[in-house]
């Protein structure tokens, strides 16, 4: 039976504040290059004060993925927490305007935190360094999970970053139970190597018990299984999970699903801003999966979507992704 | 004596919400192409609800001009009204981070309006159609004018759009008096042909009595003097004003200052988004003027800055304008 949603994502909800910086700005301001650092409001204000002029584009890792699926015409919805403030309105608009459902209850105006934001510092090599003030995004809890929506999902897509919060694990558990009971499947992205450091045991337990499809990059899976050998780590994951997808930057993506390993070569592109590469890879892959394409084609769809998003500023797609799939002979 | 500021701008303060649309979106939603329409909050909410995903970049016509001057290293400051809200924080940050002074008192949190915003609908021909909810920007008044700052300005730069508001004319009068008394000069931009329609008599009076330098495009000056002949209109203006600068899209800019007329040819470029073309022209021109370049060079500086800003989304400069001036042999 066709379900209402092909993919329902759960994760952070925030607006990206993107600015170009020189490498020495990162050093001077204590920003570690290429990763995501959680910061509090005081640090956010300090860092923003040092940054140059910026532009704001909706973000949130899994939200970017869902926006990409919606842009492709997939049936999709998102669950994430914003406040009833201007950044919250921007985030909500951009998802809905893209065609994704978004009905998570808003944090009220007198909540002590604001809608989350991520200061994205883009260096001339296209690498992005993320500085995230989670704001109310951190307070996503079980009450925000609509079990009917979860039961209506062919796939759940869970954001690893969202393990950073008091009630999110309970929210994930509730969502997983409702989805699985109704015959749906569950995917997870590991998000970031330092996120894996913080939550390795929880991630492993979840992977073992509940995950059908794991998204990660080579750094994350190596961190997860505490090895330098990406393929050894993939084998470990594949022993527990139906499908494991590892993105490896310019080396494209590797996919294992029991019977063997596929390699989807990367799509060459000029990297302007790497923000959202993994997120949009997941958009393409999940879109393919929901439309019953083979694993290699799913991987190539992921690579095409990732190449589009790194060719411009911001982590939401700008070009017509379906047109790009056609150009690459994928549909 | 060198003054603290080369240029102080006074005008609207808002954040642009930029989105690509097809031409038929404009027709269906009652948006007139290529001009600025003032809208109320209800209309803003309605139109935003119909728009696709967007990105936010600080805007405001004269604020864009001041940001451009600051980007060139000019000594500059801005006066415009935002609220103590998230969009207000974005606007303030982006000006200050660019190096411009911005100290206008914020509208308080319980003000019935929010920080202004402009929905910028960009069609595939690069033309932009502006839908402006002024918000608190409309309430700029004489109390917001710091007379010492005005006296410290070599040039004032007044935004024609800001005539749409109850107390702004009084604010302009106060600023002009303080600047002129201290030996400064005053420039004005006519902003938009329909803005000229709304305020023709006020503009004419101000031009006759107080303006040393007038910026406008060919549509605006023709509207002002109610003629179809741009050069005839320029001659009328030149009879009353020291310097008249008319931008004429791909025909570049014409400058008259008593002794004769100069023609600065446009810089060929691919138009991605015309937002800010006139604003950044004024940046380049005023920068040149403040550094005592001849009128033709000032016009060419304006054209180079305008070409940069229309080559990408958003009305704030992204490339290094001074580097572009060097490439064009202007400095």
Query raised in the report: Would a scan of the stretch B:184-196 turn up a residue that is over 30 Å from residue B:51 (Cα atoms), modelled with pLDDT of 95 or more and assigned to a loop (DSSP other than H, G, I, E, B)?
Result: yes
Requested in this report: Report yes if residue B:209 is more than 20 Å from the chain's Cα centre (by Cα), away from every other protein chain (no Cβ under 14 Å), free of Cβ contacts under 8 Å to residues at least 24 places away in the same chain and not in a strand (DSSP E or B), otherwise no.
Outcome: yes
Report summary line: Of those in the stretch A:181-196 that are closer than 20 Å to residue A:34 by Cβ and out of contact with any helix residue (DSSP H, G or I) (no Cβ under 6 Å at 6 or more places or on another chain), the residue surrounded by the most Cβ atoms within 10 Å (Cβ to Cβ) is A:192
Report summary line: Within the stretch B:25-55, residues more than 23 Å from residue A:101 (Cβ to Cβ), in contact (Cβ under 8 Å) with a residue 60 or more places away in the chain and either within 12 Å of chain A (Cβ to nearest Cβ) or outside any loop (DSSP other than H, G, I, E, B) (or both) come out as B:26, B:36, B:37, B:38, B:41, B:43, B:44
**Report entry** Matching residues in the stretch B:1-24 - criterion: being free of Cβ contacts under 8 Å to residues at least 24 places away in the same chain and in a helix (DSSP H, G or I)
**Finding:** B:24
Query raised in the report: Hey, residue B:62 hits all of (1) touching a strand residue (DSSP E or B) at 6+ places or on another chain (Cβ under 6 Å); (2) under 30 Å from residue B:323 (Cβ atoms); (3) more than 14 Å from every other protein chain (Cβ to nearest Cβ); (4) not in a helix (DSSP H, G or I) but one; which does it fall short on?
Result: (4)
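The values are calculated or read from the model by the stated rules, or taken from the named source; none is laboratory data. What you see is a predicted model; the values in this text were computed from it and never measured. No Cβ is skipped: glycine too gets one built from the backbone with ideal geometry, and neighbour counts run over all protein chains shown.
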